Amino acid sequence: MTPQAQPLTFGQLRAAIAKEGLPWQAVPEARANQRVTPRTLGGDPKGLPLADKAPKIDFRAIVDVGTNPFLAVRRLERGFITVDKIQERFPRMALLRAGLAEVTEAEKPPEGGTAASVDWRNRWSRNWITTVRDQDGCNACWAFAGVALIEAMVKIEDAIWTRLSEGDIHRGIGAKCANLGNLTSVSNFFSTNGVCDPACFPWATNDPPYTPTPDRSGRTVRGPAFTWVGGVQAAKDWIDLYGPLITWFDVYNDFFGYSSGVYQRSTSPSNSEVGGHFMLVVGYSDALGAWLVKNSWGTGWGMAGFGWIKYGDSSIDQYSKAALCNVNPDPWSKRRLHNGALYESGNGALNRNLEVMSSNGSRVQHWWREGGPPWTWGVAKSFATDAAVCPTLTGTTFNRNMELVYLTPDARLHHWWGPGDGSGPWNDGGVFGPTDCEGIPGFVQSDYNAPGNFEVVVKVAGGRLRHIWRDGAGWHNGPKFGANIFLSGRTLVQSDFGSPHGHLEVVAVLNNGAMQHFWRKETLTWKAGALFGTGIFTPPVMIQGQYGMVNEAGPHGNFELCVAADGKVQHWWRNNSGDGHWRQGPIFGREVAMVVGMCESQWDMNLEVIVRRLDHKLQHYWRDGAGWHEGPVIGPA
Amino acid sequence: MTESGSDEESEGKVPGSLDDGTEPVLGVRIPAHIELAAGESYRLALPSAAGGGYTWEATPAGGDPGAGRVELELGPVPPQNEQPTSALAPVTLVAAGLSPGRAVWRLRLVRVWQPATPLVDRLLEVVVR
């Protein structure tokens, strides 16, 4: 069975599991036979070439504006792109924040000047590198270096912290703990299958059977094959202009004891070579004459897992280095970063189209905006006849489907799903839920089971909230909670609090115009949390973003909440890595009736908001480092 | 000790061996007890975990170290082709019978920066007839 060959519907998945067991169980042997051969574990001449034999990269031909504003300014500074080109893609304020004001007329490349040093752990005052991992006693550096590269590029290109699984690559190609490996096999696996998260298939040292969850195809970061960068100068240019690289390195005994400074191997006869090793190069320093590497031996080695290695030492520059660009993050990596009628999909040339679902009181209208210039909104498919409110949309692990839920005029809930690329058709998932629904539903895919359950929280009669959930057996009406509820909103989030399952968090509006935060731990009991705000009588939208996170491990991204009041939008946020208090941010917008969607986007973690105006049209607002901006009116809701 | 595995040396087969039933280490079963004649030696290819930063250590742990000696030999790393594969130098345990008696050696597969948490920590008894 080819895992990504056909869209996998929920019903098909259930039938497949019942009939044949997990669909992915059949894949590993076939993949192992396909991938693990003496050729790929030995010497593949088409793979990682010697540095001086690598095809020369013509940076002048390949460097474009990109998707990271800081890198775009850097590319401008180096003379690879023009001011006109960069201003087509980024707002001027974003570029000023990224350093545009300091850029002077650049010499044309390659004389434009490679940076004297780069450290992606702290570039432009930010960290872009995920945590140091530990391969333990397994010879799996190749899988660890591959995942480290992919994770870094997702952060650099798409502003998303993601945690991927070394075990998915390692066991996916059929390797065992003691097996050696190379980067061609990693590149082949990634470009063919993507890489999933640890909850889909974890890293383990005991060679478990390769049985990723059946929704793997919808929870994989995807991307092209690796690029090989040969030569020291080209490697520096790549690191300066794109991101980290994977390098080869001969390990000598004294490397084990490295703890600080610049490593240069001892030439003592007693210093034996013990093997070859792959690591991620996350920077360099000409002053030190050294590469900065992220190793996979835990944080106890070197400088908290990192180390400096002298240029050319121990064959570090003998082979070309492996590079990656144009990665495409998955819905699972983005599951907390959007809510309501707005979802940033992986569609479009830049993998970041905005998708919006509106309702005129009956039909659902799908709108979309290309993830780059000219930023115009387009009309996609229209479907359904019973959408009383703008739907709550999400991307799911069912083959990256887009799925939505809305309130019907009959006080029920209605579920629809369609392919993630937006091409349609949209499929009727059926009416469900209690018969006394009164509010706008919150809707997420959670991490209970795999594929994860759907979770819905909606206001029902009697001024209460009700939790409804769907597993493999269908929809279930769960408990009621809360009291004096005036409105539910598009606020349901499965947060990163709690383990192994994140808490469910929701904010509702009370009859007195205050908002109240409710949350459910793994004990499955809903608890009432903080009250905040006054004079609120419209439904809020909430996400858990990434502000407050140091890396993919947290500590915790902030909750960001937008709600309309008095024709404007109030922005609230909760400092989840600090005191946990709700605070009100700026008020923005005009003629706003209701906030219907919100996301933290792949454009440098900008907040994007869709509102329904008093004239029943949709309008886009966004926030970058310079504050909130009024975007275009999209069209009728 | 000879290079060719003559009568005075065995490789892979444990002379008078016993197996204590412990789990293999990275696919290799390591005996807990070997018997040798004085002048005889025994060689066993150990699994390498150098890719994870681990190295083998052999230290005297009891008995008469003068009766039997355990050493670790590091071979050359296989040459790389144009495409490098993560590579490991072969590690060989060499036990030599020196004089009649009993020696106990401790074998550890350990990271030098994590000495308290070895991946493997075994005793090897060498009885020399």
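Observations on the model:
- Scan segment A:178-200 for residues that are open to solvent by 10 Å² or more (accessible area, probe 1.4 Å) and closer than 20 Å to A:ASP134 by Cβ and the total you get is 6.
- Positions within segment A:151-174 being open to solvent by 10 Å² or more (accessible area, probe 1.4 Å), in a helix (DSSP H, G or I) and over 27 Å from A:GLY66 (Cβ atoms), in sequence order: A:ARG171
- Some residue of segment A:329-347 being more than 14 Å from every other protein chain (Cβ to nearest Cβ), in a strand (DSSP E or B) and surrounded by fewer than 24 Cβ atoms within 10 Å (Cβ to Cβ): no
- Of the residues making up segment B:75-127, those that are assigned to a strand (DSSP E or B), without any contact (Cβ under 8 Å) to a residue 40 or more places away in the chain and facing chain A (nearest Cβ under 7 Å) number 2.
- Residues (in contact with a Lys or Arg (Cβ under 7 Å, 6 or more places away or on another chain), of a type in the set (S, T, N, Q) and modelled with pLDDT of 95 or more) located in segment A:105-129: A:ASN127
- Identity of the residue in segment A:305-315, open to solvent by 10 Å² or more (accessible area, probe 1.4 Å) and assigned to a loop (DSSP other than H, G, I, E, B), that ends up nearest to the other protein chains (Cβ to nearest Cβ): A:GLY312
- Residue in segment A:591-605 that is farther than 24 Å from A:PRO391 by Cα and either among the β-branched types (Val, Ile, Thr) or outside any loop (DSSP other than H, G, I, E, B) (or both) present: no
- Tally, over segment A:230-255, of residues that are in contact (Cβ under 8 Å) with a residue 24 or more places away in the chain and within 24 Å of B:PRO78 (Cβ to Cβ): 9
- Residues located in segment A:442-487, provided they are open to solvent by less than 30 Å² (accessible area, probe 1.4 Å), in contact (Cβ under 8 Å) with a residue 40 or more places away in the chain and not in a strand (DSSP E or B): A:SER446, A:PRO451, A:GLY452, A:GLY463, A:GLY482
Matching residues to (1) closer than 22 Å to A:VAL118 by Cβ; (2) among the small types (Gly, Ala, Ser); (3) more than 11 Å from chain B (Cβ to nearest Cβ):
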| site | (1), (2), (3) |
| --- | --- |
| A:TYR258 | yes, no, no |
| A:GLN264 | yes, no, yes |
| A:GLY283 | yes, yes, yes |
| A:ALA287 | yes, yes, yes |
| A:MET303 | yes, no, yes |
| A:ASP317 | yes, no, yes |
| A:SER320 | yes, yes, no |
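- Among the candidates A:ASN353, A:ASN360, A:ASN427, the residue that is under 22 Å from the mean Cα position of the chain (by Cα) and polar (S, T, N, Q) is uniquely A:ASN353.
- Any chance A:ALA148 is touching a residue at least 40 places away in the same chain (Cβ under 8 Å), away from chain B (no Cβ under 12 Å), open to solvent by 30 Å² or more (accessible area, probe 1.4 Å) and small (Gly, Ala, Ser): no
The values are calculated or read from the model by the stated rules, or taken from the named source; none is laboratory data. Keep in mind that what you see is a predicted model, and the values were worked out from it rather than measured. When we count neighbours, we look across all protein chains shown, and the Cβ atoms used for this are built from the backbone with ideal geometry, even at glycine. Heads up: the accessible areas ignore ligands, DNA and RNA and are worked out on the full protein's heavy atoms, side chains in. Shrake-Rupley method; radii C 1.70, N 1.55, O 1.52, S 1.80 Å.
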